[in-house]
Amino acid sequence: MACDIELLQLQPVLDRYHAKGLSLLIAAAASPAAMRGFLERCRLQAAVLDDRSGILTRQFAVQVFPAGLLFDREGILVDVSVGWRRESSLPEWEGKVNGLLANSVIP
């Protein structure tokens, strides 16, 4: 497993907002051992949900990867982003996170 560019771009954002409650969860179809190695190689701090059964992928109707699901503190899905454009996705995503953490409504 290679370190995906979007995950590498997210780590600085995660570092900035972690104290405010932002966490990254990765739903993965790989084994726990493979994911531990991946996180170590990529120096990424995230929790991994074992989705080898595909339950989460089906539950949230994920059809394209990468797919970003943004949940509020109550666990309500507030935004879905599909794909990753290197130039624009990170500022767009960080804006959504800022709005969510400030208890603003995210369009």
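Worth pointing out:
- Search result, residues across segment 63-78 that are under 24 Å from residue 21 (Cβ atoms) and surrounded by 10 or more Cβ atoms within 10 Å (Cβ to Cβ): 66, 67, 68, 69, 70, 71, 72, 77, 78
- Hey, residue 6 outside any loop (DSSP other than H, G, I, E, B) and either in contact with a Pro (Cβ under 6 Å, 6 or more places away or on another chain) or at positive phi (or both) or not: yes
- Which listed residue, of 88, 53, 81, is polar (S, T, N, Q) and surrounded by 11 or more Cβ atoms within 10 Å (Cβ to Cβ): 81
- Qualifying residue in segment 13-21 (condition: of a type outside the set (D, E, K, R), part of a loop (DSSP other than H, G, I, E, B), surrounded by 12 or more Cβ atoms within 10 Å (Cβ to Cβ) and more than 12 Å from the chain's Cα centre (by Cα)): no
- Of all residues in segment 80-107 being outside any helix (DSSP H, G or I) and of a type in the set (Lys, Arg), the one that is modelled with the lowest pLDDT: 86
- Residue match in segment 32-55 (condition: within 27 Å of residue 99 (Cα to Cα), within 12 Å of the chain's Cα centre (by Cα), in a loop (DSSP other than H, G, I, E, B) and without any contact (Cβ under 8 Å) to a residue 24 or more places away in the chain): no
- Test: residue in segment 7-18 that is basic (Lys, Arg), farther than 24 Å from residue 60 by Cβ and touching a residue at least 24 places away in the same chain (Cβ under 8 Å): no
The values are calculated or read from the model by the stated rules, or taken from the named source; none is laboratory data. Remember, predicted model here, so these are calculated numbers, not experimental data. When we count neighbours, we look across all protein chains shown, and the Cβ atoms used for this are built from the backbone with ideal geometry, even at glycine.
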